[in-house]
Structure formats: C-alpha cells, structure tokens
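Written out below as structure tokens is the structure these notes cover.
The values are calculated or read from the model by the stated rules, or taken from the named source; none is laboratory data. Keep in mind it's a predicted model, so treat the numbers as computed, not measured. Cβ placement follows ideal geometry from the backbone for every residue including glycine, while neighbour counts extend to all protein chains displayed. To get the accessible areas, we keep the full protein, side chains included, count just its heavy atoms, and leave off ligands, DNA and RNA. Shrake-Rupley method; radii C 1.70, N 1.55, O 1.52, S 1.80 Å.
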Amino acid sequence: MPASACEAFAEYPSAPGTTVTFLVSELAQTDPPLESTWSDFTRCTGIRIVNEVDRSTSADFLARIDAGRAPDLTVVTQPGGIADLVHRQQEIGAHPVMPAPPAVAANVDRDWNPAWRSYGSVDGVLYGAPFDSVAKSMVWYSPRHFAAAGYSVPTTWDELIALSDRIVADGKGKPWCGGLESEDATGWPATDWLEEVVLGSLGPHVYDRWVSGEVKFDSPEIRSAMRVLDGWMHNPAYVNGGVGDVASMARTRFQDGGRTVLDGTCFMFPFAGFYIWQWNLFKKDATIDPDGDVYAFALPAVDPSVPRPVLGGGDFVIAYSDRPEVQTAQAYLSSTHWATVRAKRWGVTSANTGVPLDVYPDPLTRLSVEMLTAPGSTFRFDGMDLMPQVVQEEAWRQLTAWFAEGKPSRAVLQAIDAAWPSPSPSPAPSP
C-alpha cells in the first residue's frame, strides 16, 4: 500500500504490532465482512482489530467480564444495555465500561443527531458511539401494483387513511398486512407500530416522557395513540391482506409479513428498512426501486405539526479498555471515514450525517439514510429498547394478545404498566 494512501489515517497514532479485540454478534459477523472495512486502517496504523463472534448468552457474557476476560471493544444492541453494564459495575464492582475518549465524543457531536449522544450516554457520560443504524418509519408497497390500480403514494396521514379506505372500497385487496411471530420476541413489530403512532401524533416530548415511565401506558395520551392504532393496523377492514383476519398477524412470522405485497393482495406493509433483504427471498428477481416490484415511502406523521417523525434503532460500540491502541480503534470506528467505507462497500446504513448519500448503492438505502439524517426531522430511538426489559417483554405479550385474542385495549395498557419496576425511573432528559 503506497504511503500516500495512508494520508486519510494521519490523525490516528500508529502502534505497530498491537492488537485490539472486538466482540461482535454472530449477525454482525455473518453480514458483510467487518474485517474488510478496517483493513486499510490496520495497514496504516499497525493496529490489528481481531473479531470475535459472540454466541454466548447475556449471563455468559457477564461471567466473562467478572472473570477478567473482557474484550477491548464490544457492540451493545440497545441503549438500555449500556446503562445496565455501567450500573452493574457501580453496584458490584464489575470490570468497568470506559467512558468514550475525546476523539470519539468529538465524532459523535459533529456527525450525529444529538439524540444519538443521549442514547449512548449514562448519567450524562458518553460511553457508546453509534455502530450502525436503521430507519423504522417506512411503508413498503409495490409501485407496479399501485400504478395498475391508479394509486398515489400518500404524503400525509389523512391521505394514508383515505387511500386505505379507497383500497377497501375497490375490493382489489386489503390495504395493510403484517406479522408478529418472532419466537420469544413475538409481538415486537406491534410495539413498533404503537411507538410510531405515539411519536407521530403526540410528538417527541410526550414520547420521551412515556419512554422514561413518567407518562404511563394507561394514560389519556397513550390511550389516544391506541385508538389510532386500532383504526389502522388493528382494523379488520384493513388487515391482514392476502393472509387472513386481524388475529392471523399473531401467527404470521414477521419475516413473512410483507410477502403478499408482491402479489397485490396487500398494498402496504409497515416495517424497517432492513426488510430490503427479504424481497429477493420471496421472488429472486424482484426489483426494488421506485418503478419496480417493491419500494418504500416514509410513514407520515399522524399530526402534521410533528415534523418528519422518524423512529430508528441501532447498535453502539463500548470499550472495556483505555489502552491507547483501543482508543485509536474506537475513534476510527466512530468516524465518518469508516462509516463511508462500510456504506460504499456493503450498503450498511448509518445515521452519520457526514456520509455522502451517493455512496449508498441503491435508492431505497439512500431513502432510509435520508430519513435518519434529514435536518429538522424528529428522530427518536425505538422506545421499547429504551424501557426496562421486563416492560418491553410484557408489551410484546400484551399487544400480541390484543391482536390474537381481542384483549381489551385498556386491560393491555394496564398490564404493561404493572410490569414496570418499582420505583419507576426518573424522567430522562430530552436530547
């Protein structure tokens, strides 16, 4: 590699012969090869980043930390997981998670929506820098079937409901479809739909107070959101296109939830951008573009006064070591340069605002990234990933019962509230 090619890495101190261990999930390892995204960094700095695939349970990981075998870096899939690890070390003296070094903090402050810093922080201290990100507020549809039926993509909630009613009246299929089955996590897509409605109808401040536990599930605000969801994805006239009735969604695997969009018996399917990988499993030659077999549009705000609501998710990198080479690798993995390499080579989406949109390989991925990075958008992280795990799991169960059994909405909301640990956590500051 010519010396000139290392100019892009001049800001990173060299440390020839050093090794940084990086524990990643099996999914992250079997997706696009991570090693290829930092190979130039290794050649130019001499710092070797060694992947270790994590197939352990949460308990196994904690036992490893307690035994003094912590990795230098690891990926945490939910902001609440960062807080759990930090608080655990404070309570029992476990091996500490290291605060992010200044170079990482500078990258996060410069290149990410301020909300991301809050999600990677615990008690005001930044620990985790975003690793990757995904937009959830998307609706998949078939441009080909829309064109044949004379339908246009809605840009407001009123237009969305009017289109749904028109599809019902036309009798050409049903407007919506979905699937909730996900083994132990069955029900999680329904919690996404509720979060979309809470953010898009009540705005970020109510959303933040709800996520923190200050606004209860069985509150006037969230009950109103449930009524909106009831008229949308719980509406027997609207769902479950090409599959069955409302209850059929509880039996349908989330991976199969959008399958019937391709045959035109379902016209719209609300799901995150990562569903892009499913379409060619259903139909090998399916085209994913604005004029093709399938594409997506942004879910409009229920209340137009909420500017461009975007629900998202993502992973974070944390460190268990503050050795210089670890901090250098951590800084690179939080950089625009690394996010751009990963986007260009593998199309992995990032909410890093410094990554040029044109490096992403397809229009759908660019749409997803634009939603995550657009100035003035109302971005919030997946609410269930911010709530205590017991609340998250109870919400999955209760919303599944709402769809599968017709359990009354009020009983569903009250049961979720009952799962909240006592005392309830204090409200988190709005980012």
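General remarks:
- Filter result (open to solvent by 40 Å² or more (accessible area, probe 1.4 Å) and among the hydroxyl-bearing types (Ser, Thr, Tyr)) within region 43-68: Ser56, Thr57, Ser58
- Any hit, region 91-101, residues being under 30 Å from Ile276 (Cβ atoms) and of a type outside the set (Val, Ile, Thr): no
- Among the residues of this structure, Ala106 counts as one that is out of contact with any strand residue (DSSP E or B) (no Cβ under 7 Å at 6 or more places or on another chain), within 16 Å of Thr353 (Cβ to Cβ) and among the aliphatic types (A, V, I, L, M).
- Residue in region 341-364 that is modelled with the lowest pLDDT, counting only those that are of a type in the set (A, V, I, L, M, F, W, C) and within 25 Å of Ala106 (Cβ to Cβ): Val348
- Among the residues making up region 106-149, those that are under 20 Å from Ala343 (Cα atoms) and either surrounded by fewer than 19 Cβ atoms within 10 Å (Cβ to Cβ) or among the basic types (Lys, Arg) (or both) are Arg110, Lys136.
- Condition check for Arg308: within 27 Å of Glu196 (Cα to Cα) and either free of Cβ contacts under 8 Å to residues at least 12 places away in the same chain or among the basic types (Lys, Arg) (or both): yes
- Residue match in region 76-94 (condition: touching a strand residue (DSSP E or B) at 6+ places or on another chain (Cβ under 6 Å), modelled with pLDDT of 95 or more and either closer than 27 Å to Ala351 by Cα or among the polar types (S, T, N, Q) (or both)): no
- Subset of region 69-79 (residues that are touching a residue at least 24 places away in the same chain (Cβ under 8 Å) and surrounded by fewer than 20 Cβ atoms within 10 Å (Cβ to Cβ)): Thr77
- Any pair with Cβ under 6 angstrom, 6 or more apart, that starts in region 230-253 at a residue that is without any contact (Cβ under 8 Å) to a residue 60 or more places away in the chain and ends at one that is surrounded by fewer than 21 Cβ atoms within 10 Å (Cβ to Cβ) and assigned to a loop (DSSP other than H, G, I, E, B): Pro236/Val246
- Scanning region 293-315 for residues that are open to solvent by less than 30 Å² (accessible area, probe 1.4 Å) and either part of a helix (DSSP H, G or I) or at pLDDT below 95 (or both) returns Gly312, Gly313, Gly314.
- Consider region 6-26 and keep the residues that are in a helix (DSSP H, G or I) and more than 20 Å from Ala319 (Cα to Cα). The one that is modelled with the highest pLDDT is Phe9.
- Pick from region 388-417, criterion of a type outside the set (Asp, Glu) and touching an Asp or Glu at 6+ places or on another chain (Cβ under 8 Å), ranking: modelled with the lowest pLDDT: Gln392
- The listed residue being within 30 Å of Gly213 (Cα to Cα), within 18 Å of the chain's Cα centre (by Cα) and of a type in the set (A, V, I, L, M), out of Ala415, Ala395, Ala419, Ala411: Ala395
- Restricted to region 98-154, the set of helices (runs of 4 or more DSSP H) holding at least 2 residues that are closer than 21 Å to Glu196 by Cβ comprises 114-119.
- So Asp263, is it among the acidic types (Asp, Glu) and buried (at least 17 other Cβ atoms within 10 Å of the Cβ): no
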